[in-house]
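To keep things clear, I will list the structure first and then write my remarks on it.
The values are calculated or read from the model by the stated rules, or taken from the named source; none is laboratory data. Worth saying up front: this structure is predicted, and the values here are computed from it rather than measured. No Cβ is skipped: glycine too gets one built from the backbone with ideal geometry, and neighbour counts run over all protein chains shown.
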Amino acid sequence: TTRQREQWSSQTGFILAAIGSAVGLGNIWRFPGVAYENGGGAFLIPYLFALLTAGIPILFLDYAIGHRFRGTAPLAFRRLHKNTEVVGWFQIILSFVISVYYAAVIAWALSYFVFSFDLRWAPDSLNFFVGDYLQVGDPEISTQIVSGVAIPLVVVWVAILVTLALGVAKGVEKANMIFLPLLVVAFIGLVIRAVTLPGAADGLNALFTPDWSELFNPAVWIAAYAQIFFSLSIAFGIMITYSSYQRRKANMTSSGLVVGFANSSFEILAGIGVFATLGFLAWDQSTTVGELEGLSGPILSFVTFPAVIAEMPGGSFFGLVFFASLVMAGFTSIISILQGVSGAVQDKFGFGVRQSAVGVSLVCAVISIALFSTTSGLIALDTVDQWANNIGIVLSAIVMTVLLVWVLRRGEELRFHLNAVSTFKIGRWWILLIGVLAPLLLGYMLLQRIITLLTEGYEGYPDWYLLTFGWGAIAFIVVVALILTALPWRAHRDEEGFEPW
Ligand code: PHE
Ligand code: NA
């Protein structure tokens with residue numbers, strides 16, 4: 001028994017949801033810092049190269065699989081070949097792991113939205129964030145829950161549960177219809193304000209002045225590829241899931257180009273906004289942007305940024321809009337991650353939309369709160385993020401491309417499929433990119449990364465800690481994926497009659 005598959009209500013709905021998934025915390029708190037650390041203006045070259053040679057081609061691959069085989073990753077991979085279901089589950093469990101910490105960052109942003117009403121804490125933002133708010137302790141497994149984090153985290157999970165329970169069209173699509181336009185307006189407002197602050201030009205110079213020598217540094221290229229993967233939400237099974245809800249006649253590749261370029265534009269816009277603001281901070285402290293500290297990751301948004309708004313006329317309002325933007329960008333991304341998980345549970349076990357939304361959200365919420373709202377939450381988050389993004393996702397992309405092009409030899413079939421439904425036609429170059437160039441580059445990246453993590457560790461955290469939260473997270477993903485693959489199918493049991501589109 002298989003019920004009718006859910007659908008987006010329109011092509012625009014799909015594009016908005018796909019952009020909503022792509023544009024997330026990665027654009028706002030990840031990109032500006034990564035670009036700055038990796039050659040500034042010169043970083044844009046490897047970044048664009050990665051977008052065109054791997055980002056968009058693998059996005060097309062995700063779209064092709066989801067649309068042609070009309071399933072979340074496990075079902076689509078099982079329809080491709082009866083023995084490849086586990087690849088789909090690997091992607092789904094990887095998404096699940098990301099969702100439990102990504103939600104925590106959204107919860108922080110929600111808190112900071114509230115804190116922006118009264119900025120008295122902001123001049124001492126570092127101590128406030130690490131001490132008063134997160135109450136960070138040692139790298140250990142703490143069971144001491146910090147209520148200031150746990151409460152907004154519960155709010156975030158309730159919102160996710162409700163959205164998923166409303167279904168693809170009425171929940172996920174609607175949420176994007178509301179939040180994405182709001183986000184664009186809010187963010188453009190922020191950027192305009194930022195570039196008109198005194199010192200803004202120096203900030204932009206700091207970001208965009210190219211350090212050409214960095215182009216010869218392999219680490220910079222690795223950073224560019226990692227940023228593109230995370231940023232476009234590819235190889236997580238998410239875009240497979242989203243395209244499985246498309247109608248038969250859907251212009252896939254053109255949508256892909258829109259999504260890819262919208263995401264990168266948003267990223268560069270965020271870079272401009274953030275660095276213009278930092279230029280102002282440097283001006284205010286009579287120093288240069290190069291001398292400032294804390295220009296990346298969570299510190300940039302939750303420590304450096306508040307320090308700036310504390311000094312700014314109208315800072316409170318600026319803070320409200322900034323943290324609201326983070327919440328909206330993060331929310332439209334996390335619902336895409338969880339739709340992948342919830343959809344997969346529906347596809348395999350035959351649960352209804354609501355049952356599965358409630359079940360998945362509850363399990364994730366409990367794990368998310370237990371691990372990331374305690375005094376060891378920040379350190380756990382940093383570690384899991386490092387492994388999920390630099391090992392998990394890269395591994396997933398290599399396995400997926402090699403499997404499709406070389407093992408199953410379905411590259412041409414998928415290319416014909418995309419061309420049959422889309423106006424932007426792709427040539428054989430696509431197979432070369434996803435079958436040869438991407439796996440080679442990604443394989444090299446992965447090896448480098450594994451060697452570095454094994455020999456140098458990470459951030460000086462103890463080995464047992466990295467074994468548990470870093471390598472342990474990867475092992476967890478593999479084991480759970482194998483278990484889920486081994487369980488019997490309760491829906492889509494008889495796939496004999498399945499006809500790919
Ligand atoms: N693409 C999102 C961002 O840039 C993050 C994300 C990763 C979303 C993985 C879904 C899956 O923040
Ligand atoms: Na992104």
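All of Leu80, Leu119, Leu126 fail the test of being at pLDDT 90 or above, touching a Lys or Arg at 6+ places or on another chain (Cβ under 7 Å) and hydrophobic (A, V, I, L, M, F, W, C), apart from Leu80.
Inclusion of Phe187 among residues that are within 26 Å of Gly314 (Cα to Cα) and either of a type in the set (Phe, Trp, Tyr) or in a loop (DSSP other than H, G, I, E, B) (or both) is warranted.
For the subset of segment 204-237 comprising residues that are part of a loop (DSSP other than H, G, I, E, B) and within 16 Å of ligand 2 (Cβ to nearest atom), which member is farthest from Phe69 (Cα to Cα)?
Ser233
Pairs linking a residue in segment 87-99 that is over 18 Å from Asp62 (Cα atoms) and aliphatic (A, V, I, L, M) to a residue that is away from ligand 1 (no atom under 11 Å from the Cβ) and assigned to a helix (DSSP H, G or I), with Cβ atoms under 7 Å and 6 or more positions apart or on different chains, are Val97/Val384; Val97/Ala473; Val97/Ile477. Of everything listed in (1) out of contact with any strand residue (DSSP E or B) (no Cβ under 8 Å at 6 or more places or on another chain); (2) surrounded by 15 or more Cβ atoms within 10 Å (Cβ to Cβ); (3) among the polar types (S, T, N, Q), the single unmet condition for Ser142 is (1). All conditions in (1) within 12 Å of ligand 2 (Cβ to nearest atom); (2) crowded, with 24+ Cβ neighbours inside 10 Å; (3) among the polar types (S, T, N, Q) hold for Thr241, with the sole exception of (1).
Being outside any helix (DSSP H, G or I) and either aliphatic (A, V, I, L, M) or surrounded by 20 or more Cβ atoms within 10 Å (Cβ to Cβ) (or both) is the filter here, so list the residues in segment 78-98 that pass it. Thr84 - this is the single residue of segment 78-98 that is outside any helix (DSSP H, G or I) and either aliphatic (A, V, I, L, M) or surrounded by 20 or more Cβ atoms within 10 Å (Cβ to Cβ) (or both).
Scanning segment 238-267 for residues that are within 24 Å of Phe77 (Cβ to Cβ), among the aliphatic types (A, V, I, L, M) and either within 12 Å of ligand 1 (Cβ to nearest atom) or in a helix (DSSP H, G or I) (or both) returns Ile238, Met239, Ile240, Met252, Val259.
Hey, can you tell me all the residues within segment 110-162 that are of a type outside the set (A, V, I, L, M, F, W, C) and not in a helix (DSSP H, G or I)?
Result: Ser116, Asp118, Gln135, Gly137, Asp138, Pro139, Glu140, Ser142, Thr143, Gln144.
Yes or no, residue by residue, for (1) crowded, with 21+ Cβ neighbours inside 10 Å; (2) part of a helix (DSSP H, G or I); (3) within 16 Å of ligand 2 (Cβ to nearest atom); (4) under 21 Å from the mean Cα position of the chain (by Cα):
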| site | (1), (2), (3), (4) |
| --- | --- |
| Ile337 | yes, yes, yes, yes |
| Val358 | no, yes, no, no |
| Ile369 | yes, yes, no, yes |
| Gln386 | no, yes, no, yes |
| Met400 | yes, yes, no, yes |
| Phe424 | no, no, no, no |
| Ile431 | no, yes, no, no |
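On the stretch given as segment 1-53, residues that are assigned to a helix (DSSP H, G or I), among the small types (Gly, Ala, Ser), away from ligand 2 (no atom under 14 Å from the Cβ) and within 25 Å of Phe351 (Cβ to Cβ) total 1. Of all the criteria given as (1) in contact with a helix residue (DSSP H, G or I) (Cβ under 6 Å, 6 or more places away or on another chain); (2) away from ligand 2 (no atom under 16 Å from the Cβ); (3) not charged (D, E, K, R), the one not satisfied by Leu183 is (2). Condition check for Gly352 on (1) surrounded by 24 or more Cβ atoms within 10 Å (Cβ to Cβ); (2) under 20 Å from Glu6 (Cβ atoms): one failure, at (1).
Just one of the numbered conditions (1) within 22 Å of Glu85 (Cα to Cα); (2) at pLDDT below 95; (3) not polar (S, T, N, Q) is not true of Leu440: (1).
For segment 275-297, check the following and say yes or no: at least one residue is part of a helix (DSSP H, G or I), at positive phi and either crowded, with 22+ Cβ neighbours inside 10 Å or in contact (Cβ under 8 Å) with a residue 60 or more places away in the chain (or both). Scanning segment 275-297, I find at least one residue that is part of a helix (DSSP H, G or I), at positive phi and either crowded, with 22+ Cβ neighbours inside 10 Å or in contact (Cβ under 8 Å) with a residue 60 or more places away in the chain (or both), so the answer is yes.
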